[in-house]
Amino acid sequence: MFKPLHIPAGSDIPYTVRVSRRARYARLRISPHDGLIVVVPEHFDKASVPGLVESRRAWIEKVQGSFDRRRLSGISDNGSALPATIELAGIGESWQVSYRGDGRARVAVHEFSGNELQLSGAVHDEARCRSALEAWLKRRADLQLASQLERLASIHGFPVASVSVRKQRSRWGSCSSKGRISLNLKLLFLPPLLVRYIMVHELCHLRHMNHSRRYWSEVARFDPDYAAHDREMKHAWRFVPGWLAAAG
Ligand SMILES: [Zn+2]
């Protein structure tokens, strides 16, 4: 869909021009990986691109400065810097993230086809970007994790009263005596087998509200490798990317 045209050498502000059939007007995009990208519609007059870039100079410098500061402070992409890609292993999705600033005070998140995620608005504000991404993760988890748990429950006849997804610091899931199951949205980043194990673990608490021998033999019926999976869960926090873990 996108075709790189050129990276102007010796330009004051380096950028790449991409022609997009979907674009209806020219827009600027900055990502920590690709730098400044000018996306233009097919029949856009390329001669006006330098002027366009120049007119947005203040914004470009502000956003690029915030990326540079993060790099300089020694935070890499696997650290707590805002992500350029988001790998949701737990639900088999991979997203490319871009940041497009404009004058608005808030940060909006939009999904595009091809698993592109675009943050727009006050993207130089790291805290706002983080909470916008977190809200998006929550929607993804509500949609995918909750329905996966409901499917498991209905196939095996577990009486789940409700499923909720929350960001939690120290628990992967929980099950109340009223049959309410809560899942940690960080499960999105775990290998699918571990996600399934956590779901089985919480569902079996609907039958045994403890970790008794009878409870574990119930778990074993649905996950014969539960002991190995339970051990792996102790180290599973490492699957959670720094940019999300950092926010608690
Ligand atoms: Zn338990």
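The table for this structure:
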{"quantity": "Helix 213-222 axis, angle to the chain major axis (alpha carbon atoms, nearest 10°)", "calculated": "50 degrees"}
{"quantity": "Calculated on alpha-carbon atoms, Rg and Dmax of region 90-195 in Å", "calculated": "16.1, 52"}
{"quantity": "Using alpha-carbon coordinates, inclination of helix 126-156 to the longest axis of the chain, degrees", "calculated": "40 degrees"}
{"quantity": "Ranked list, fewest to most other Cβ atoms within 10 Å of each Cβ, for Val40, Val195", "calculated": "Val40, Val195"}
{"quantity": "The chain - share of DSSP beta bridges that are antiparallel (%, nearest 5)", "calculated": "55 percent"}
{"quantity": "C-alpha long axis of helix 57-72 to longest principal axis of the chain, angle in °", "calculated": "50 degrees"}
{"quantity": "Burial order of peptide ranges 229-239, 171-181, 115-125 (average beta-carbon count within 10 Å, highest first)", "calculated": "115-125, 171-181, 229-239"}
{"quantity": "5 Å-binned pair-distance histogram of region 137-245 (Cα, whole percent)", "calculated": "2, 12, 24, 26, 21, 11, 3, 1"}
{"quantity": "Debye equation applied to the C-alpha atoms of the chain, log10 I(q)/I(0) at 0.07, 0.08, 0.09 Å⁻¹", "calculated": "-0.33, -0.41, -0.50"}
{"quantity": "Among Ala23, Ala127, Ala47: highest mean-square fluctuation, GNM of the chain, C-alpha pairs under 10 Å", "calculated": "Ala47"}
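The numbers here are math on the coordinates, done by the rules we state, and not lab data. Nothing here was measured: the structure is a model prediction, and the numbers come from that model. All Cβ positions, even for glycine, are placed from backbone atoms using ideal geometry, and neighbour counts span all protein chains on display.
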